[in-house]
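Notes follow once the structure below has been shown.
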Amino acid sequence: MLSRNPDNYVRETKLDLQRVPRNYDPTLHPFEVPREYVRALNATKLERVFAKPFLASLDGHRDGVNCLAKHPKSLATVLSGACDGEVRIWNQTKQKCIRAIQAYEGFVRGMCTPFCGTSFFTAGDDKTVKQWKMDAPAYGEEEEPLHTILGKTVYTGIDHHWKEAVFATCGQQVDIWDEQRTSPICSMTWGFDSISSVKFNPIERFLLGSCASDRNIVLYDMRQSTPLKTVILDMRTNTISFIFTAANEDYNLYTFDMRALDTPVMVHMDHVSAVFDVDYPPTGKEFVSASFDKSIRIFPVDKSRSREVYHTNRMQHVICVKWTSDSKYIMCGSDEMNIRLWKANVSENLGVLTSREKSAKDYNQKLKEKFRHHPHIKRIARHRHLPKSIYSQIQEQRIMKEARRRKEIHCLKHSKPGSVPIVSEKKKHVVAVVK
């Protein structure tokens, strides 16, 4: 007996969509895969058409931007320090400077914000660390720091603990300070060269790392007040960021596992000049790097090549970079006195999406993932326009790398078996690990 239930095909109201019965038997849809391939190809092409990552430029500094800091509680608030000693607080939403402080005569070497977000710390060339209120002074009050700590040496970097009222500075040594005291709780050193950067680990919060000009990356334990271990690389490391990634002078970035420092987990190599800064989003799956080659790149943690490269005609050497706390935007400060705001996903629509737009976006994303290894789609998704200077340097480095590889093959070929060791790319750059 045949029966039809009207509930399966009749609309409840005229505003509902028509219910279309569909048989999912694959024999009835022989062209489903070719149809999906065309949709994936179109989605990939449209992604490149709508790839417009640049959002805004915050200008107002009178010298190069040397450091950036994020507000821990407010997504819209950004702090920047310049080479002329000026500190500015910006509102990203309004794209305006809401406060300017002449903090130092020389460089602002570092900035950090405590977890409470009521104040911020700056380190400068005059051997002082200053604590400032986050809010502007009342009408008639002068702009004065809350506290000023006078040190014995010039400070080159500063970072705050993620949960405690403790911060660390670096210069000739690494000092751990309590916010309420004017002398360090403890001082730690390894070697005699100046330390350029210090960072607290956000997970193992009693651990912190630093990098020095003698090519060392050192890990310290606050509980023991001693250095734990150090890894020595071929060239100097400019800064580090946890998850443990080091930005190096040899154009590469190295991601380490803290338990095994003798071999990097991944070597990230796409820059063509020294890498100055690196920062992670809260997700921890990617990171952004700033380089002397006038570009910033976004790397997946587990990939050696970048997925995006951002550059403009006017952007000069990029000194500092930060990923915002909502993982959606990237800020970079460069030599020509501007702070630029970029989208983390180049073709993302920043407006409010309807449910149908969201489902179409998710569907296109799944199609692109399904067909990403097809040659035509892979070529379109990977292609990026580069400035002529970067492009020519990439070609030159490729020739040099091929020459080195050819030389290694010839040495192996014409040497006694076992006399020439085969060293992997990951182990080439690590000189030693000292405990």
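Scoring 286-293, 393-400, 18-25 by mean Cβ neighbours within 10 Å over their residues and listing the highest first yields 286-293, 393-400, 18-25.
In units of the rule-of-thumb radius 2.2 N^0.38 Å, the range 107-171 shows an alpha carbon radius of gyration of 1.13.
I'd like the carbon and sulfur percentage of the solvent accessible area for the chain, probe radius 1.4 Å, heavy atoms only, ligands and nucleic acids excluded.
54 percent
Taking all protein chains as shown and a probe of 1.4 angstrom, Lys294 keeps an accessible surface of around 80 Å². The relative contact order of the chain comes to 13 percent, based on Cα pairs under 8 Å that sit 6 or more residues apart. Annotation: lysines with alpha-carbon distance below 19 angstrom to Lys428 (same-chain offsets under eight excluded): Lys303, Lys401, Lys407. When Rg and the Kirkwood Rh are both derived from Cα coordinates, the Rg/Rh ratio for the range 54-343 amounts to 0.94. Computed over the chain with a Gaussian network model linking Cα atoms closer than 10 Å, the most mobile of Asp178, Asp59, Asp135 is Asp135. Think of the chain as having a plus end and a minus end, set by charges on the Cβ of Lys, Arg, Asp and Glu; of Ile185, Gln365, His311, Gln365 sits farthest toward the positive end of this dipole. For the pair Arg379 and Cys186, the difference between a 0.36 nm per residue extended length and the Cα-Cα distance amounts to 64.1 nm.
Output the DSSP H helices from the chain with an along-axis C-alpha extent of no less than 15 Å and a mean Kyte-Doolittle hydropathy no less than -1.0. Walk me through the intermediate numbers first.
Details: long enough: 32-49 (26 Å, -0.62); 355-370 (22 Å, -2.42); 388-413 (38 Å, -1.26).
What comes out of the filter, once short or polar helices are dropped, is 32-49.
Treating cross-link reach as a plain straight distance, find the aspartates and glutamates whose alpha-carbon is under 15 Å from the alpha-carbon of Lys152, omitting any fewer than eight places away in the same chain. Within the straight-line cut-off, Lys152 pairs with Asp125, Asp126, Asp175.
Summary of packing: across the peptides 357-369, 408-420, 87-99, the per-residue average of other C-beta atoms within 10 Å ranks them, highest first, as 87-99, 357-369, 408-420.
Rg over Rh for the range 32-75 works out to 1.34, both radii taken from alpha-carbon positions and Rh defined as the Kirkwood radius. The length gained by stretching the chain between Ala56 and Ser327 to full extension, at 0.36 nm per residue less their Cα-Cα distance, is 95.9 nm. Using only the Cα atoms of the range 167-223, build the gyration tensor, take square roots of its eigenvalues as a ≥ b ≥ c, and label the shape rounded, prolate or oblate: rounded if a/c is under 1.5, else prolate if a/b is larger than b/c, else oblate. The shape class here is oblate.
A straight line joining the Cα centroids of the range 57-130 and the range 250-268 runs 31 Å.
The values are calculated or read from the model by the stated rules, or taken from the named source; none is laboratory data. Note that the structure is predicted; figures quoted are calculated from it, not measured. As a convention, Cβ positions derive from the backbone with ideal geometry for all residues, glycine included, and neighbour counts pool all protein chains shown. Areas reflect the complete protein model, heavy atoms only, side chains present, ligands, DNA and RNA absent. Shrake-Rupley method; radii C 1.70, N 1.55, O 1.52, S 1.80 Å.
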